[in-house]
Amino acid sequence: MRTAYSVETVRAAERALMARLPEGALMQRAAAGLAAACSDLLGRVYGSRVVLLVGSGDNGGDALYAGARLARRGAGVTAVLLSPERTHGGGLAALRRAGGSVTEPSRGAEELIGGADLVVDGIVGIGGKGGLRPDAAVLAALAAQSRAAVVAVDLPSGVEADTGEVRGEAVRADLTVTFGTHKPALLIDPAREYAGSVRLVDIGLDLPEEPELEALQHADVAALLPVPQAESDKYRRGVVGIAAGSARYPGAAVLAVAGALRGGAGAVRYVGPAAGAVIARFPETLVSDRGPAKAGRVQAWVVGPGAGDDVQTVAEVLEADVPVLVDADGLRLADRDAVRGRAAPTLMTPHAGEAAALLGVSREEVEGARLSAVRELAARYAATVLLKGSTTLVAGPEGGPVRVNATGTPWLATAGSGDVLSGLSGSLLAAGLRTRDAGSVAAYLHGLAGRYAADGAPAGAHDVANAIPEAWRDVRS
């Protein structure tokens, strides 16, 4: 599992380690890892042209020491100092001893960056807030316009490490070399888009057991997937109820059922006005016209996709004593007190626009501060919240690590894709997974299925549903 820790936790771990090491040893470890990553990216170090953008913090020191290592291997290295009087003294001396040169932004920086093979961003460290200052922003823009590869030290300057927010200009890196652990900004959009590829350098930090963020990998998902045993029947495997669709949106019901049938539960019960469309497509579905309370045995409910204004059905499902997933129209129709008062777990799956409506803020605010938005929603509704997006976040009402998923593709931004995700998540709930695990595993599989369905070309939501078994097999292989 990939994990990320807050700035405060990282700094505490660094202080504890530095107290046990010779002075400067920790920075040398970081610089060695950074120089190795830069060498790999360059391919040929000798004769290459490297420009270091150096601020006043330890990131600048890391960049200078790494630059010295590259200079000793024959690279032409120039450091552009944004705060000459506050530059890391030891790193600056090391670069000069290795044959590197030094300049300031006003003295030919544009020409240097324009002719560089590699630009190293050591402007601001993990404590930076509020975007780049104007002089640094100019250098970041020059790097972006150049043909040089851009490597960020620890994280791109201008992004906020703990939140993933970008409140102004920031460096856009091709590669970020981060030390000790991932920082939240490297896993969460919008900052993640600025990081490029991420390379983690182990510098020996002793970190606490509980991280700020965690991201499942194939092995983690495989361990959570429900697998039927020899004695399993459809009820032991779980039955998921789908209360979705309307005369206007019958397709939402069909797609939610499609996702549910591929999610590991033993059976799917459908309640709603789109029964004919559902049975025509999926004859194995158990259909009822008696409402959720009298539909028969289920281990979990999905309510809301394409529901229109059916307040009664949403309210009836929320009264059930089994896990409930609320999506789409159900998010708008669900009474917050009813959700908070449920004894059984609840999983809510909004996209940014729906989350904004629930929080009473603009969509842009949610998209710019996704981590705080998902945590706030989970706390307000006393529910697990899956915030959909390019990086999907899953937060529980009890706090703890937020799960991050980035397996998707932009092709998943298509009508009905979220209905498939809801059905898949609900099926995993019915199979016995906790809300946090069901949401995380479903997002992971859904994202992989989106990649397989699209394969570089447009794909519809039904294609995504059909690709879920392939994603499932891939994870378990």
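The values are calculated or read from the model by the stated rules, or taken from the named source; none is laboratory data. What you see is a predicted model; the values in this text were computed from it and never measured. Here the Cβ is made from the backbone with ideal geometry for all residues, glycine too, and neighbour counts use every protein chain on show. To get the accessible areas, we keep the full protein, side chains included, count just its heavy atoms, and leave off ligands, DNA and RNA. Shrake-Rupley method; radii C 1.70, N 1.55, O 1.52, S 1.80 Å.
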Before we move on, is Leu92 open to solvent by less than 50 Å² (accessible area, probe 1.4 Å) and without any contact (Cβ under 8 Å) to a residue 60 or more places away in the chain?
yes
Part of a strand (DSSP E or B), at pLDDT 95 or above and more than 30 Å from Thr285 (Cα to Cα): does that describe Leu207?
no
Which of the residues that make up region 282-299 are within 17 Å of Val314 (Cα to Cα), modelled with pLDDT under 95, in a loop (DSSP other than H, G, I, E, B) and not small (Gly, Ala, Ser)?
Asp289, Arg290
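Yes or no, residue by residue, for (1) open to solvent by 70 Å² or more (accessible area, probe 1.4 Å); (2) free of Cβ contacts under 8 Å to residues at least 12 places away in the same chain:
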| position | (1), (2) |
| --- | --- |
| Asp202 | yes, no |
| Pro208 | no, no |
| His218 | no, no |
| Leu225 | no, no |
| Ala230 | yes, yes |
| Lys234 | yes, no |
| Gly238 | no, no |
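I'd like to check something: does region 441-456 contain any residue that is open to solvent by 50 Å² or more (accessible area, probe 1.4 Å) and part of a helix (DSSP H, G or I)? Write out each step before concluding.
From region 441-456, those open to solvent by 50 Å² or more (accessible area, probe 1.4 Å) are 451-452, 455-456; that's our starting set.
Narrowing the set further to residues that are part of a helix (DSSP H, G or I) leaves 451-452.
Yes: one or more hits.
Would you tally the residues in region 65-83 being part of a helix (DSSP H, G or I) and open to solvent by 50 Å² or more (accessible area, probe 1.4 Å)? Before the answer, list the steps.
Applying the first criterion (part of a helix (DSSP H, G or I)) to region 65-83 yields 65-72.
Next, from what is left, pick out any that are open to solvent by 50 Å² or more (accessible area, probe 1.4 Å): 69, 72.
The total comes to 2.
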Given (1) open to solvent by less than 10 Å² (accessible area, probe 1.4 Å); (2) of a type outside the set (Asp, Glu); (3) part of a helix (DSSP H, G or I), index of the condition Met27 fails
(1)
Thr392 vs. criteria surrounded by fewer than 24 Cβ atoms within 10 Å (Cβ to Cβ), of a type in the set (Val, Ile, Thr) and without any contact (Cβ under 8 Å) to a residue 60 or more places away in the chain:
no
